[in-house]
Amino acid sequence: MNNKLIISAITLMSIYNLSCTKTDVNNTIKSIINNEYSLFGDQALIDSFYNFLVNYDSTLIIGDAQVNFNNIRTTLWGHTINGEIASINLNPGNFNINPTYPDKNFNFNTTSTFLGSNIDVTLMSSTAVNYSAQVYLPSDFSYSPSPTDSTYSRSNDLTFSWTTDPKNQKGVLIELFYDVSFNSLINPNVTGNNIVKRFLVPDNGSYTISSAILSQFPACRLSVKISKGNYYSFDINGKYFPIIFANTKQYSIDLT
């Protein structure tokens with residue numbers, strides 16, 4: 001089994017390919033969120049995401065999918081285990097996506113955009129039964145600081161801002177990533193390990209990263225991801241097919 005649950009275009013971890021009990025899986029996910037995944041911010045939003053992940057037994061996952069929004073293109077990638085999902089339909093547009101064989105993967109892209117509106121998602125099972133849900137996709141957004149802004153001192157707080165969407169109930173994910181390999185191309189003398197900090201916060205227009213957190217990074221070129229999206233898990237006769245929708249802005253800033 002090869003199941004991946006992805007948030008805001010970030011692969012969390014392929015934890016469902018392990019032979020675990022539900023308790024084992026839940027504890028593993030909790031450990032990832034609280035420690036390895038370094039997810040901080042609004043506890044209610046984190047709990048909602050946590051419940052999305054742990055609400056099913058690993059043996060009952062029958063596939064998953066991710067829909068990404070990038071510039072003017074929408075892409076979908078997914079997988080069905082044992083062919084239990086025969087098709088995925090996205091509407092408006094009535095886009096019907098069938099899995100390829102023998103790998104049973106879903107692959108689709110379009111220039112149509114669904115941002116700022118409801119999207120109807122329908123899964124058809126291998127027994128020709130339809131399962132439908134309507135999911136709201138937050139509006140596209142602008143953000144700051146931008147890649148053209150000046151460098152930032154780790155001794156000062158840093159505020160990220162973006163255009164809000166009052167209908168967005170799943171929050172905004174901010175990811176800060178220090179990549180040692182990438183920074184070694186800029187400065188061959190860099191040392192240490194990769195560092196990742198992630199913050200899931202309300203869509204209220206801004207969030208400030210404290211200097212105490214920034215000081216945990218070295219002087220570097222810092223990768224930044226700001227994401228909005230949604231997630232939904234289809235219950236298909238006691239089995240589950242989760243889908244994540246993500247609109248991610250990715251760029252770099254310099255920390256001194």
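The values are calculated or read from the model by the stated rules, or taken from the named source; none is laboratory data. Quick caveat: nothing in here was measured; it's all calculated off a predicted structure. Cβ atoms come from the backbone with ideal geometry, glycine included; neighbour counts cover every protein chain shown.
Being over 20 Å from the mean Cα position of the chain (by Cα), among the polar types (S, T, N, Q) and either assigned to a strand (DSSP E or B) or at pLDDT 95 or above (or both) is the requirement here; does residue 164 meet it? Taking the combined requirement at face value, the residue does not satisfy it.
I want to confirm something. Restricting to the range 204-236 and keeping residues that are free of Cβ contacts under 8 Å to residues at least 40 places away in the same chain and not in a strand (DSSP E or B), which single residue is nearest to the chain's Cα centre (by Cα)? By that ranking, first place goes to 213.
Of the residues making up the range 52-97, those that are under 18 Å from residue 236 (Cα atoms) and assigned to a loop (DSSP other than H, G, I, E, B) are 55, 56, 57, 62, 84. Across the range 98-140, the number of residues qualifying as over 24 Å from residue 250 (Cα atoms) and outside any strand (DSSP E or B) comes to 11. In this structure, is residue 165 surrounded by fewer than 17 Cβ atoms within 10 Å (Cβ to Cβ), closer than 30 Å to residue 221 by Cα, of a type in the set (D, E, K, R) and touching a residue at least 40 places away in the same chain (Cβ under 8 Å)? No, not satisfied.
Here is a yes/no grid of residues against (1) farther than 30 Å from residue 236 by Cβ; (2) of a type in the set (D, E, K, R); (3) touching a residue at least 24 places away in the same chain (Cβ under 8 Å):
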residue	(1), (2), (3)
135	no, no, yes
151	yes, no, yes
176	yes, no, yes
185	yes, no, no
199	yes, no, yes
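Residues in the range 168-181 that are more than 18 Å from the chain's Cα centre (by Cα) and surrounded by 14 or more Cβ atoms within 10 Å (Cβ to Cβ) were compared, and the one that is farthest from residue 135 (Cα to Cα) is 180. Hey, any hits in the range 245-255 for a residue that's hydrophobic (A, V, I, L, M, F, W, C) and free of Cβ contacts under 8 Å to residues at least 24 places away in the same chain? The answer is no; no qualifying residue exists. When residues of the range 107-134 are filtered for being exposed (fewer than 15 other Cβ atoms within 10 Å of the Cβ) and touching an Asp or Glu at 6+ places or on another chain (Cβ under 6 Å), how many remain? Residues flagged as exposed (fewer than 15 other Cβ atoms within 10 Å of the Cβ) and touching an Asp or Glu at 6+ places or on another chain (Cβ under 6 Å) within the range 107-134 amount to 2. Taking the criterion of being outside any strand (DSSP E or B) and either in the same structural domain as residue 183 (by TED's automatic domain parsing) or within 30 Å of residue 218 (Cα to Cα) (or both), the only residue of the range 237-256 that qualifies is 256.
Rundown of residues vs (1) of a type in the set (Val, Ile, Thr); (2) at pLDDT below 95; (3) at positive phi, yes/no style:
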{"residue": "90", "(1), (2), (3)": "no, no, no"}
{"residue": "93", "(1), (2), (3)": "no, yes, yes"}
{"residue": "101", "(1), (2), (3)": "no, yes, no"}
{"residue": "104", "(1), (2), (3)": "no, yes, yes"}
{"residue": "111", "(1), (2), (3)": "yes, yes, no"}
{"residue": "121", "(1), (2), (3)": "yes, no, no"}
{"residue": "125", "(1), (2), (3)": "no, yes, no"}
{"residue": "130", "(1), (2), (3)": "no, no, no"}
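Of all residues in the range 167-181, those that are out of contact with any helix residue (DSSP H, G or I) (no Cβ under 8 Å at 6 or more places or on another chain), outside any strand (DSSP E or B) and not hydroxyl-bearing (Ser, Thr, Tyr) total 5. Can you tell me which residue in the range 241-252 is nearest to residue 77 (Cα to Cα), limited to those that are surrounded by fewer than 19 Cβ atoms within 10 Å (Cβ to Cβ) and of a type outside the set (Lys, Arg)? That would be 248. Only one of the listed residues (193, 189) is among the polar types (S, T, N, Q) and either touching a helix residue (DSSP H, G or I) at 6+ places or on another chain (Cβ under 8 Å) or at pLDDT 95 or above (or both). That residue is 193.
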